[in-house]
Each structure stands twice: as structure tokens, then as C-alpha cells.
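Everything below concerns the one structure shown next.
The values are calculated or read from the model by the stated rules, or taken from the named source; none is laboratory data. In this text, all values refer to a predicted model and were calculated from it rather than measured experimentally. Positions of Cβ are backbone-derived with ideal geometry, glycine not excepted, and every protein chain shown enters the neighbour counts.
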Amino acid sequence: MSDNINRQVLVKKLPNGIPAEDDFEMGGSPIPDPVEGTFRARTLVLSLDPYIRAVMSGRHFYGAPQPGDVMRGRSVARVDASRHPQYREGDVVVMESGMQDYVISNGGDVHRADTGTAPVSTALGVLGMPGLTAYAALLGPAQIKEGETVVVSAASGAVGSMVGQIAKIKGCRAIGIVGSDDKSAWTETEAGFDACLNRKTDDLHARLTELASDGADIFFDNTGGEIQGLVMTKHLALNSRVILSGLITQYNLAESPPGPNLGNLCKMRTTVFGFVVYDFEHMRARFLTDAKRWYAEGKIKFKEDMTEGLETAPAQFSKLMHGNNFGKTLVKVAD
């Protein structure tokens, strides 16, 4: 494409089941110019997240896209032209940009990338929305306490790995559940979990009974599905707290599956909290202060699954929704 074209990943058709590359197509439009009160930003690193699939299914408050629309996506971007009083050329920000090279913004839902000594890409991962999700949920509604046992699904991802690492920092035991031996090994050896189970090869019921005989004080659920059903019906401690953060097992389904038997929640006096990170923006400054310090002290590790080039985004998104990613799923778009 010409240098004056804004490349875009467009919805070709809404997916049936797990998204495939041919559900998307590359398109373009003239690079836009900012008007008074707006700025233009160049996408540097694009974040691919499971919620995008929920958006495509019409199960998200953003609303479902239509064929020809630019795919949603959050990114680290650099301001390259500005007529906005609070943003200058060269500022590096985190924003909802969509899957495209350039975007115009009025400054809404934008904040400056602040990662301290960590790479700027972590503003989309452990020092970004996923990290804030883990932090705000554990320190907020979960009310984490020293000595507790925390069980987290999708434990090698950006949210799950931060859940376990924050739990360890707070003096708790962390038990993860992942989908491969490689992910399990990384979660234990690098992220420092006490144990991490492979849902495909381990007997989860037997292993959780062994590792958490009194049950999980906090169950941080990023997946839903069979793991959710097992932990919520058989492996909760008295006065436990469940954080419902993600439901990736449901996003590719045409209809929502039936839920687990909730009798055990009453028996164990469990509190269940439906967590949406956008409700906890007031904790961002505190989170960044703590997380940047923890990273500098070597207490926070992260794993990224990054490809290069905007055109790789459809395949990378499909890989994520197949569960074949390892770590935070990203696309490098520009330097």
C-alpha cells in the first residue's frame, strides 16, 4: 500500500466458532489528520485479547462489529500530530486504537504509558490492563490475606501470571491451571507459583485435593467451563471468594452453556464477584506504583507471544482463540 494509506484489519465476516484468518481482511483508508481538540497516534504494539471475541459475538458492551468495520484492539501508540491541549507529538500512550496503523482520538480512554524500567510493551500486559485486573481484584473484592491459597486458571497469561505473583508477594500460596507442560514449567520456575497443573494431562480433582486439601480461599477464574465447574463445586474453602474475570471457553460458542451447581457456594459461604476492570480505574495509580517497584525488584516476570507486522494480527488472534498462545498476545506494528 502507498505510504499515505492507513492500513486496517477489517471484519470480513463474523466468525462461526473459533475465528479463522479468512474471517478478516486487510483494508485501508487515507491517513487522517487531527482537528482541533484531537490528536493522531501511530500504533506501535497492538494487544490481542479474548474480549475481542466476545465483542464479535455481541456479548460485550461495545456492541458487535459489522463486516467492513475496523477490528477493535488496544495498543501502545505514539502521538505524531496533535491539536489537543494535553497531548504533544512524541507522547507514548495506551488507548483503544483498533487494529490499524493510525487513529484519531479526543483523549477519551487514553493514558500515558508508564512502565518504569520495564519494556513499553508491558503497558499492555503485566503493567497494563491485565496487571490491573489481577491487582484490583485481589486487593479489592477478593480481600487477599496472608497465608491464603489462591487458585487461578489460565495461569501463564498476563492476568493469571500476575494473580499468582501478587499472591506470592502477599504471602499466599499460588496454584495455577494451564494447558501445556511448557506453560506449567514456566509458571512454576519463572513466575514462582507453588504448583501449576496441566488441565489436559493432570487429574485436576486429585491434584487440587492434594495441593489444597482445605480448598481455595480465592478462585480467580479466567476461563469458565469445566475448570470453573470443578473448582466451584468441589474445591472452595469456607468463606472463599470467587473472581469471575474471563470466560474464554464461552466466547466461541453460539449459545451460553449451563452453569455449575451452585449449592456448594452456599455451603462454603462463598462470595462470587463479577469483575470488570473498567470499574477500578481509581486503583491504577496505586497499582503502577507497586507493580513498577516489584518489577524493578525482580519479583514480576512476564511472557510475551509477539509477531511482527499488522498483517499478522488475524492469524495471531486465531492462535489466541485456539489457546495456542504462550503469554501476552501482541503484534509489533512499528518502532
| Any hit, the range 164-177, residues being in a strand (DSSP E or B), over 18 Å from Phe273 (Cα atoms) and β-branched (Val, Ile, Thr) | yes
| request: May I ask you to say which residue of Phe326, Phe273 is on the phi < 0 side of the Ramachandran plot and either assigned by TED's automatic domain parsing to the domain that holds Ser161 or assigned to a helix (DSSP H, G or I) (or both)? | output: Phe273
| message | With at pLDDT below 95 and either surrounded by 13 or more Cβ atoms within 10 Å (Cβ to Cβ) or of a type in the set (S, T, N, Q) (or both) as the only criterion, which of Gly259, Gly246 stands out? | response | Gly246
| field | the range 34-91: number of residues that are of a type in the set (A, V, I, L, M), within 16 Å of the chain's Cα centre (by Cα) and either closer than 22 Å to Asp22 by Cα or not assigned by TED's automatic domain parsing to the domain that holds Gly17 (or both) | value | 5
| said: Quick check on my filter: what residues within the range 12-53 are charged (D, E, K, R), in contact with a Lys or Arg (Cβ under 6 Å, 6 or more places away or on another chain) and over 23 Å from Leu330 (Cβ atoms)? | reply: Glu36
| query | Do the conditions hold for Met26, that is, is it farther than 23 Å from Leu124 by Cα, in a strand (DSSP E or B) and modelled with pLDDT of 95 or more? | reply | yes
| Which one of these is closer than 30 Å to Ser29 by Cα and either aromatic (Phe, Trp, Tyr) or surrounded by fewer than 17 Cβ atoms within 10 Å (Cβ to Cβ) (or both): Gly107, Gly98, Gly147? | Gly107
| message | Kindly evaluate Thr233 against the criterion of being touching a Leu at 6+ places or on another chain (Cβ under 7 Å) and either over 22 Å from Thr133 (Cβ atoms) or without any contact (Cβ under 8 Å) to a residue 40 or more places away in the chain (or both). | response | no
| remark: Given (1) over 26 Å from Gly192 (Cβ atoms); (2) in contact with a Lys or Arg (Cβ under 8 Å, 6 or more places away or on another chain), Gly327 misses just (1)
| task | Of all residues in the range 14-47, count the ones that are surrounded by 12 or more Cβ atoms within 10 Å (Cβ to Cβ) and more than 21 Å from Ala77 (Cβ to Cβ). | result | 8
| request: State all residues of the range 209-227 that are touching a strand residue (DSSP E or B) at 6+ places or on another chain (Cβ under 7 Å) and assigned to a helix (DSSP H, G or I); if no residue qualifies, say none. | output: Leu211, Ile227
| request: Go through Glu146, Glu89 for me and flag whichever is over 30 Å from Glu36 (Cβ atoms), at pLDDT 95 or above and among the acidic types (Asp, Glu). | output: Glu146
| said: Condition first: in a helix (DSSP H, G or I) and under 14 Å from Glu21 (Cβ atoms). Can you find one or more residues in the range 295-311 that meet it? | reply: yes
| said: Being closer than 30 Å to Thr270 by Cβ and in a helix (DSSP H, G or I) narrows it down to one residue among Ala123, Ala54; which is it? | reply: Ala54
| query | When you look at Pro67, is it surrounded by fewer than 21 Cβ atoms within 10 Å (Cβ to Cβ), modelled with pLDDT under 95 and in a loop (DSSP other than H, G, I, E, B), yes or no? | reply | yes
